[in-house]
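Chemist: One structure, pasted below without further comment.
Nothing in this text is a laboratory measurement; each read-out follows from the coordinates by a stated rule. Quantities reported herein were computed from a predicted structural model and do not represent experimental measurements. Here the Cβ is made from the backbone with ideal geometry for all residues, glycine too, and neighbour counts use every protein chain on show.
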Amino acid sequence: MDSKLLVLVMIVHLICMVTAQDSSCVRCCDYEPTNTSGQFSILRGEKGDTGERGLPGQIGKAGPIGGKGTTGEKGSNGFPGYRGPKGIQGDQGEPGASGPKGSIGPSGLQGPRGSKGLRGTKGDMGSNGQKGELYDFENWPVFSVARSSVQNGQSSHTTVTYDFTFVNIGNDMNLGTGIFTCHIPGVYFFTFATLKYNNKHAAAFIMVNNTPKARIFGDDKDWQGMISQSLTITLTAGNTVWVRIDKHSEYRNVQLHSNNKHHTTFNGQLIRPAV
């Protein structure tokens, strides 16, 4: 092939590659020259098949920054997110203001007894008390009386009487009746003693206002000895005290033995007047 013709074909082929998208591209290489005189004419052939897509070109330079767009409409609320983990505890806040005073609650259980406290300071002297009642100490009731003979029990209860006086201050003891009558109220102390003799019962009561209060007793066995009873009691004015021989169907030969040695005695005294 002539070199000029070959150059021309190459030029045309190059032009066809650059303008591949142009439907008017002519494939000159498909035709043989028919003119050997050196003068050629290119005839338009049939349209060929679409070639393969070329490789992507290089990325162009970034264009200039556009202007600020208008504010878009507010979007709808999104779905609630998941609960996050517990955060670190913050610093303690300042104390709040005091609230209103609450109502008094019920009393609690009594607590254990506390230890003994320190001795307090001496208090002020109190005011004078009321004037007390003046007692006649010279006639303070005190008596001690005795029997000089035996007194046997009868078919009924018998009051013990006396025939000898050791002391009878205030004269509240009546020897003939054997009864003490209270005139100054207060606390009194009484004692009664007698001799229990061989094979004799000794049974008696200290009586207060017809009520037995303290018993004296000794059985009827073959022995003898002193027996006694005492009583401390509060009396009011008019109360009476005496000793009564106890008569019982089971008791035989009840006897309070005495003689001039005064084995049987009855004693009483005021130990504290009533306030």
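Chemist: For residue 138 and residue 259, what is the calculated FRET efficiency with R₀ set at 35 Å and r taken between the beta-carbons, to the nearest 0.05?
Modeler: 0.55
Chemist: At 0.36 nm per residue, and after removing the present C-alpha to C-alpha distance, how many nm does the segment from residue 209 to residue 275 gain when stretched out fully?
Modeler: Full extension of this stretch gives 21.5 nm more.
Chemist: Please list 64-74, 188-198, 228-238 highest first by mean number of surrounding beta-carbon atoms within 10 Å per residue.
Modeler: Answer by packing, highest mean first, reads 188-198, 228-238, 64-74.
Chemist: What order do you get for 200-211, 103-114 when each peptide is scored by the mean count of other beta carbon atoms within 10 Å, highest first?
Modeler: 200-211, 103-114
Chemist: Could you check the spin-label model distance between residue 62 and residue 116? Points 7 Å from the Cα along Cα→Cβ, value in nm.
Modeler: Label-label distance for residue 62 and residue 116, simple model: 9.7 nm.
Chemist: At a Förster distance of 30 Å, what's the computed FRET efficiency of residue 171 paired with residue 130, Cβ-Cβ distance as r, to 0.05?
Modeler: The formula returns an efficiency of 0.50 here.
Chemist: Working out 0.36 nm times the residue gap between residue 97 and residue 187, then minus their Cα-Cα distance, what length gain in nm do you get to one decimal?
Modeler: Difference between extended and current length: 25.8 nm.
Chemist: Along the Cα→Cβ direction, 7 angstrom out, place labels at residue 232 and residue 8. What is the inter-label distance in nm?
Modeler: The two pseudo-label positions are separated by 16.8 nm.
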